[in-house]
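This report concerns only the one structure given below.
The values are calculated or read from the model by the stated rules, or taken from the named source; none is laboratory data. Since this is a predicted model, take the numbers as computed values, not measurements. All Cβ positions, even for glycine, are placed from backbone atoms using ideal geometry, and neighbour counts span all protein chains on display. What goes into the accessible areas is simple: the full protein's heavy atoms, side chains included, and nothing from ligands, DNA or RNA. Shrake-Rupley method; radii C 1.70, N 1.55, O 1.52, S 1.80 Å.
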Amino acid sequence: MTVTLKKNENMNSVEGSPYLNDEFQPGTALVNEKEPLSVFLRYDVSREIIEIKTEIGSNEIFMLPSNQETEYRIAGDTFIYDNFRFEDKQIKGYFKEHFSGERYRLLEKPTLTITEPVAAKTGYEKDRPAEIVLDEEFFVISNDGEVKNVKLKQRDVKKVFTSNAAKKYLKGNKIRSIEDLAAFVAYLDRN
């Protein structure tokens, strides 16, 4: 399916970008068991689509229908389409998969908020335009469907994971980065 991009004049006054990375990155699209496609990709967080170019200089942009059988690899990150329930809310869309084991998966959901423009209150201040702010949420999903939302903070992870194996790991290891959290989830998956 070809994507037709329309220019929205309102977006000219908004700072920031709805893309996880503005530029198309070399990547791979894996659909079912078919041959992997080497393409150029970028993820539009606001519209929940992954845009595809077959040639970097081309003006044609394509997209595949969102489904759980398609996996994208963009600049070393794996993106999958998934959906699950968390606190009575359906969460669906593309997720960065940081770990997938026998018992647990660690997914990152890129999120987007748009702040309102702020008018200057005095002559010394400047007007602030509306701004697109990209953020992320992390979810640990067990194979029995239990979903836990965690932050990249040691204290938060200790609060959410209270098993003996988790306590043992967290006593000797700190959670400060996504790599630390992925190592923690991998440890839980093995124990």
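Structure values in brief
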| quantity | calculated |
| --- | --- |
| Mean separation of Cα contacts under 8 Å, 6 or more apart, over the residue count of region 108-148: relative contact order % | 42 |
| Cβ-defined net charge surrounding Met63, 12 Å radius [Lys, Arg +1; Asp, Glu -1] | -1 |
| Residue-wise HN-Hα coupling along region 74-87, computed from phi with Karplus coefficients 6.51, -1.76, 1.60 (Hz; x: Gly, Pro) | 10, 6, x, 9, 9, 10, 10, 9, 8, 8, 7, 9, 9, 6 |
| Cα-based radius of gyration of the chain once divided by 2.2 N^0.38 Å, which approximates compact folds | 1.21 |
| Accessible heavy-atom area order of Glu71, Glu116, Glu137, highest first, probe of 1.4 Å | Glu116, Glu137, Glu71 |
| Rounded to whole Hz, the Karplus (6.51, -1.76, 1.60) HN-Hα couplings of region 136-150, x for glycine and proline | 8, 10, 10, 10, 10, 10, 8, 5, 8, x, 6, 10, 10, 9, 10 |
| Under 13 Å from the Cα of Lys53 - aspartates and glutamates, other chains or at least 8 residues apart | Glu23 |
| Relative contact order for the chain, counting Cα pairs under 8 Å that sit 6 or more residues apart, in percent | 16 |
| Volume of the Cα convex hull of region 80-177, divided per residue and given in Å³ | 158 |
| Set of aspartates and glutamates near Lys126 by C-alpha distance (under 16 Å), chain-local residues within fewer than 8 positions excluded | Glu15, Glu116 |
| Nearest-10 value in Å² for the accessible area of Thr54, using the 1.4 Å probe | 80 |
| Positive minus negative residues near Ile91 (Lys, Arg vs Asp, Glu; Cβ under 15 Å) | -3 |
| Diffusion constant of region 35-137 at 25 °C, which comes from Stokes-Einstein with the Kirkwood Cα-pair radius and 0.890 mPa s, µm²/s | 150 |
| In Å², nearest 10: area of Tyr104 left accessible to a 1.4 Å probe | 50 |
| Estimated distance in nm for a label pair at Asn32 and Lys171, the labels positioned 7 Å out from Cα along Cα-to-Cβ | 5.1 |
| Listed pairs Lys34/Lys109; Lys96/Lys151; Lys89/Lys148; Lys109/Lys151; Lys92/Lys151; Lys89/Lys151 exceeding 22 Å between Cα atoms | Lys34/Lys109 |
| Whether region 75-119 is rounded, prolate or oblate, judged on the alpha carbon gyration tensor where a/c under 1.5 counts as rounded | oblate |
| Computed log₁₀ I(q)/I(0) - Debye formula, equal Cα scatterers, no solvent, region 27-88, q 0.27 Å⁻¹ | -1.30 |
